[in-house]
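Notes to accompany the following structure.
The values are calculated or read from the model by the stated rules, or taken from the named source; none is laboratory data. Nothing here was measured: the structure is a model prediction, and the numbers come from that model. Don't worry about glycine lacking a Cβ; one is built from the backbone with ideal geometry, like all the others, and counts go over all protein chains shown.
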Amino acid sequence: MRRLARSLLYAGTFGLVLGAARYHAQFIGHYTFHTSQRAPWTVAFAFALCLSAYGLGLPDLDRRRSAWGPAIGAAAIGAGAISALQLAMGSLLLPRFVVFSSAILACPWFAICVGIADIGRGREEERDRVVLVAGPEERAAFELEIDGDLERPAVLVKALAPSEAGSHGTRAKPLLEAVIETKGTVIVLDRSAGMDETIVAQAATLHEAGLRVRSLSLFYDEWLGKLPVSELERMSLMFDVGELHRIRYGRVKRLCDLAVGLIGLVPFVVSIPFVAGANAIGNRGPLFFRQTRVGRGGRAFEIMKFRTMSPSEVTGEWTSPNDDRVTPWGRVMRRTHIDELPQAINILRGDLSAVGPRPEQPKYVAQLRDKIAFYDLRHLVRPGLTGWAQVKYRYGASEIDAVEKLQYEFYYLRHQSLMLDVRIIGRTIRSVAGRAGR
């Protein structure tokens with residue numbers, strides 16, 4: 001249902017805009033639409049509406065949020081963007097009737113699609129009813145994770161310790177009975193449960209009855225988009241890494257990076273005089289901030305950003321979301337991610353990729369390498385401007401956050417592909433448009 005909602009939102013938006021344009025051509029302007037210069041502008045407007053809807057999270061909104069605010073906002077942004085573009089180009093080829101009527105009609109359509117997505121989400125949650133068999137630490141972590149940002153909605157209906165699920169010395173089948181009682185549809189076993197033959201035998205019976213059985217690591221992978229920290233070291237060698245083991249992917253990814261870097265040069269160059277002017281007023285000091293980071297193969301490189309802190313406050317320490325060292329203008333740049341624009345140079349140089357693990361400072365890499373034996377696996381690929389950990393996990397600046405993000409980075413390494421890269425870029429656009437930056 002959620003896929004249907006997305007398809008309906010985008011197809012319906014194009015239908016509304018094209019319908020309004022054809023109506024204007026036939027009954028108001030009296031011209032042939034498909035041969036006029038207004039046709040490409042109409043398509044561009046439909047695309048702008050779809051992009052703004054995606055950026056504001058439509059149709060996948062939290063159920064607690066009203067759909068009307070984002071729906072009106074998306075329509076207004078799309079209409080404003082196409083109007084501003086035409087004004088800047090000095091060409092008003094798209095009639096106001098088409099812009100305003102399409103935007104007005106898009107608002108209820110967006111809200112309807114959000115409602116369809118909500119119905120689908122509810123059905124998915126009912127379908128994926130999880131019965132967990134795990135030790136106390138794994139259970140506590142699982143309960144926190146399943147209430148978070150899932151890739152596939154699910155609800156935990158029962159949790160058993162391995163000692164409770166086994167049937168040693170009795171004819172009882174506790175796991176089987178728990179699944180029947182709770183109407184479970186997915187059974188998840190941690191490593192200790194998977195080594196108990198009586199639990200595995202019950203899981204096999206349930207599997208034959210059509211229920212899904214997953215190890216803890218596979219459930220994290222499919223439903224959460226990460227690998228559990230308890231499994232990182234064991235799984236670190238058990239999957240191919242795209243940039244290492246698929247040469248064609250690595251070459252195509254680099255070509256895509258060059259395209260992203262060249263495109264990124266345009267807003268970077270355009271923004272320089274504006275950032276320099278604002279710095280002269282409220283952020284005096286050097287225009288750029290340079291810092292050594294660890295890249296692919298453990299090689300050091302110098303990352304570039306627009307400076308967001310006072311020169312005397314740049315210490316190289318991890319920053320927090322409300323860091324006092326950041327100047328007011330620097331905070332604006334961080335929220336809008338303008339400070340990241342100079343990294344187009346790093347992408348063109350080959351220091352960065354558009355998508356990959358975020359590069360860390362050498363001193364933090366040394367600390368984390370000592371504490372996490374498999375931490376260096378993230379340096380097998382080129383670090384990224386954005387990445388799976390960035391779009392899935394809140395901004396963090398501590399060793400605990402580094403371990404949490406590493407679980408998502410291992411997922412990215414395991415599933416590295418162009419389609420996943422496109423998903424990450426799309427989610428990054430949505431994240432930047434939908435909430436504040438660092």
Boolean, SER91 is outside the structural domain of GLU151 (by TED's automatic domain parsing), among the hydroxyl-bearing types (Ser, Thr, Tyr), out of contact with any Ser or Thr (no Cβ under 7 Å at 6 or more places or on another chain) and under 26 Å from ARG427 (Cα atoms): no
Residue check for LEU16: in contact (Cβ under 8 Å) with a residue 60 or more places away in the chain and among the hydrophobic types (A, V, I, L, M, F, W, C): yes
Any hit, segment 72-89, residues being surrounded by fewer than 16 Cβ atoms within 10 Å (Cβ to Cβ) and more than 17 Å from ARG38 (Cα to Cα): yes
SER217 vs. criteria in contact with an Asp or Glu (Cβ under 6 Å, 6 or more places away or on another chain) and surrounded by 16 or more Cβ atoms within 10 Å (Cβ to Cβ): yes
Search result, residues across segment 340-352 that are more than 20 Å from the chain's Cα centre (by Cα), among the charged types (D, E, K, R) and assigned to a helix (DSSP H, G or I): ARG349
Within segment 52-84, considering residues that are more than 22 Å from GLY426 (Cα to Cα) and either of a type outside the set (Gly, Ala, Ser) or modelled with pLDDT under 80 (or both), the one nearest to the chain's Cα centre (by Cα): ARG64
Pairs with Cβ under 9 Å, 6+ apart, first in segment 228-244 and farther than 10 Å from PHE410 by Cα and basic (Lys, Arg), second assigned to a helix (DSSP H, G or I) and modelled with pLDDT of 70 or more: ARG234/ARG191; ARG234/SER217
Pairs where the first residue, in segment 135-152, is in contact (Cβ under 8 Å) with a residue 40 or more places away in the chain and surrounded by 11 or more Cβ atoms within 10 Å (Cβ to Cβ) and the second is basic (Lys, Arg) and assigned to a helix (DSSP H, G or I), C-beta under 9 Å, 6+ apart: GLY135/ARG191; GLU138/ARG191; ASP149/LYS392; GLU151/LYS392
Odd one out for LYS226, checked against (1) farther than 18 Å from PRO359 by Cβ; (2) among the charged types (D, E, K, R); (3) exposed (fewer than 13 other Cβ atoms within 10 Å of the Cβ): (3)
Residues (modelled with pLDDT of 85 or more, assigned to a loop (DSSP other than H, G, I, E, B) and either not hydrophobic (A, V, I, L, M, F, W, C) or not assigned by TED's automatic domain parsing to the domain that holds PRO267 (or both)) located in segment 287-329: GLY295, ARG299, ARG307, THR308, THR327
Filtered residues of segment 370-419 (kept if closer than 30 Å to ILE263 by Cβ and part of a loop (DSSP other than H, G, I, E, B)): VAL381, ARG382, PRO383, GLY387, TYR393, ARG394, TYR395, GLY396, ALA397, GLN416, SER417
